[in-house]
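Only the coordinates and a few stated rules stand behind these numbers; no lab work does. Because the structure is predicted, anything quoted here is derived from the model rather than measured. Here the Cβ positions follow ideal geometry from the backbone for every residue, glycine too, while neighbour counts run over all protein chains shown.
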Amino acid sequence: MKAMVIVQTKGGGKLELRDVPKPEPGPEELLMRVMAAGVNRADIYQVKGTYDPTKKAADEIIGGGEAAGEVVGIGKNVSGFALGDRIMGMCKGGYAEFTTLDYRMVMPVPGRLNWEEAASISAGYMTEHNALVTNGRLQPGETVVVNAASSGVGVSAIQIAKLCGAKMAIGITSSPAKVAALKAVGMDLGINYHTENFADAVLAATQGNGADVIIDHVGGPFLKENLRCMAVKGRMVSVGRLGGMTAELDLELVAYKRLQLIGVTFRTRTMDERIAIVKGVVADLIPALSDGRLKPVINRVFELHQAAEAHAYMESGAQIGKIVLKI
């Protein structure tokens, strides 16, 4: 089969289209013919060697961590699936014509979604549902701030916040065009951090009360202002660190406001924890994806052999929504 394989070079890892053996499903796995694969920051870090959950040598890894397609093989211990089922889920080696998935991590593809839309669901919606609902404990009527709101996960967070009854979903982004685009997907207020202080704007929009939940994808550079615009008993969930890993923390402010700072990642979760996340998404979000209350936002679609170009586009910061590979 064709696959985009990570190859080591003197300048670091790169993606290369190769012919590799077609995988066989294990006892708890499904074999999927991949129709489309989502592109995520973790995929870029994996190529660069800074994020490698497989713990294998770089030239043994097929890129891609989420995909959608049809079931073409079933492990002996798998139940609840049949050949031809349309499925989506997080996986290892999604940038390929075939991949395997643990059946407990698989979700059904709603009939109204095309393959590119289905491939954009798993990582973003699972991550943001876990961040907002499970860890952020978002309640109807609360205010949510989403940093890096135009990213695939950022758009998912805005959509989930509104679905769950947030009074106001505020997106922090980097241009007037992104503000306008995000309002079309449900954002109530957009703040261009290049032209105004986002903490001041959040406090003004909330009559000085601040945000109940902040979903942070930026990290260090935003920490000080995140804390400043949080409400008393606010929760900040650290999902990503696009801008940096470290910053000075004002513990007096954390104590005074009784703030909660929460970190999330898939890398240290047990299988039971991952299964619980999938079940939460199936219960809360699949019905909304099925009836149109939630609709994935696809920014650009690349061919499989253009995976490196897709990564470069993501790193440019131009995206508004999800980047997908068509297999």
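Results, tabulated for the structure shown:
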item	result
Long-range HN-HN contacts of G234 with modeled amide H, under 5 Å	Q260
For the stretch 251-316, size of Cβ-based charge dipole, Lys and Arg +1, Asp and Glu -1, in debye	260
When each of K167/K279; K233/K295; K92/K178; K48/K162 is checked by Cα-Cα distance, pairs over 29 Å	K233/K295; K92/K178; K48/K162
Overall form of the stretch 47-166 per C-alpha gyration tensor (a/c, 1.5; a/b vs b/c)	oblate
Karplus-derived 3J(HN,Hα), 6.51/-1.76/1.60, for each residue of the stretch 229-240, Hz, glycine and proline x	9, 8, 6, 4, 6, x, 10, 10, 9, 8, 9, x
Lys, Arg +1 and Asp, Glu -1 on Cβ, resulting dipole of the stretch 127-263 about Cα centre, debye, nearest 20	260
Candidates K92, K295, K257: whichever shows maximal mean-square fluctuation once the chain is modelled as a Gaussian network with Cα springs under 10 Å	K257
Selected from A181, L163, G93, residue furthest toward positive end of dipole (the chain; charges at beta carbon)	L163
Among I172, I158, I61, residue whose mean-square fluctuation peaks in a GNM of the chain (springs only between Cα atoms under 10 Å)	I61
Total charge dipole magnitude, the chain, about the Cα centre, Cβ charges on Lys, Arg, Asp, Glu only, Debye to nearest 20	200
Difference of contour (0.36 nm per residue) and Cα-Cα distance, V7 to Y256	84.6 nm
Partners for K257 among aspartates and glutamates (Cα-Cα distance below 12 Å; same-chain residues under 8 apart left out)	D212
Tensor-based shape of the stretch 127-263 (alpha-carbon gyration tensor, a/c under 1.5 rounded, otherwise prolate or oblate)	rounded
Relative contact order of the chain, defined on C-alpha pairs under 8 angstrom at six or more residues apart (%)	17
Antiparallel DSSP beta bridges within the chain, as percent of all bridges there, nearest 5	55
Charge dipole of the chain about the Cα centre (unit charges at C-beta), most positive-ward option of V153, V106, L138	L138
Sorted by Cβ neighbour density within 10 Å, fewest at the top, the residues D291, D43, D212	D291, D212, D43
Angle between the chain longest axis and helix 307-316 axis [Cα atoms, degrees, rounded to 10]	10
Peptides 3-9, 191-197 ordered by average Cβ neighbours within 10 Å, highest first	3-9, 191-197
Extreme residue, positive dipole direction of the chain, given options V39, N197, G317 (C-beta unit charges)	N197
Order by protection proxy (mean Cβ within 10 Å, highest first), peptides 160-168, 72-80, 108-116	160-168, 108-116, 72-80
